[in-house]
Amino acid sequence: RRRKVGVDFAQSKNVLGSFHPPSLVLTDPETLSTLPLKEYTSGLAEIVKHGIIADEELFSALRPEVLPLSRDLLQRALAVKLDIVQRDPFERGERAILNMGHTIGHGIEAASGYALRHGEAISIGMVAETRLSELIGLAEEGLGDKVAEKLQTLDLPTTCQGLRPEDIHKAMLRDKKKRRGQLTFALPTYIGRVEYGVTVEEALLHQVIAAATK
């Protein structure tokens, strides 16, 4: 499959990059055992995201007692991304689903001066964006709490106390995920389904960002 290579800058993430079709992709789950606990935990945020996107059973299975993750659970998470990327290798549509939690999450990551790990920022971003989905009537009631509780059980953060909402919003405005100059979001409707290309009112966006910093 095609592989995206993104380059980060101090002001934003993945603003430059390229697509290159590799001849082979190898995955060795055993290398995960070499990671420090904080790094392993951070990576779990992306696994949770894949459950939210397209695999309710994966989402439900993610509990502290199943850690470290089995090969089966890792394969389920990889299968979600592989399926989406193969259908949209150049990010022209459906692949935007994978950005769930990342529009606000990348703003949080940058506003923290990258003191927050990527997965930690995305964890907070997923909660904020799910609450945003609730506010606009897209998500089922209580979904934000459900996502937050899942992440908390895995020792992932759901708020970023101390960061300034205006700094997060400013960083978000440098995000590449825009349509006609307006930020777009991939927002969950329920566990297992996400809608992409969603635009929201600025007032509601500011509301969830402010709540995330308290």
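The values are calculated or read from the model by the stated rules, or taken from the named source; none is laboratory data. Here the structure is a predicted model, which means the values were calculated and not measured. For neighbour counting, all protein chains shown are included, and Cβ atoms are generated from backbone atoms with ideal geometry for every residue, glycine included. For accessibility, only protein heavy atoms count, side chains too; no ligands or nucleic acids. Shrake-Rupley method; radii C 1.70, N 1.55, O 1.52, S 1.80 Å.
Points to keep in mind about this one:
- Residues that are open to solvent by 60 Å² or more (accessible area, probe 1.4 Å), without any contact (Cβ under 8 Å) to a residue 60 or more places away in the chain and assigned to a helix (DSSP H, G or I), drawn from the stretch 132-168: ASP145, LYS146, GLU149, GLN152, GLU166
- Residue within the stretch 109-123 that is open to solvent by less than 30 Å² (accessible area, probe 1.4 Å) and more than 24 Å from GLY144 (Cα to Cα) present: no
- Residue within the stretch 30-38 that is at pLDDT below 75, of a type in the set (A, V, I, L, M, F, W, C) and assigned to a loop (DSSP other than H, G, I, E, B) present: no
Residue-wise test of (1) buried (at least 20 other Cβ atoms within 10 Å of the Cβ); (2) aromatic (Phe, Trp, Tyr); (3) closer than 21 Å to LEU116 by Cβ.
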site: GLU57; (1), (2), (3): no, no, no
site: ARG63; (1), (2), (3): no, no, no
site: VAL66; (1), (2), (3): no, no, no
site: LEU78; (1), (2), (3): no, no, no
site: LYS81; (1), (2), (3): no, no, no
site: PRO89; (1), (2), (3): no, no, no
site: ILE97; (1), (2), (3): yes, no, no
site: GLY105; (1), (2), (3): yes, no, yes
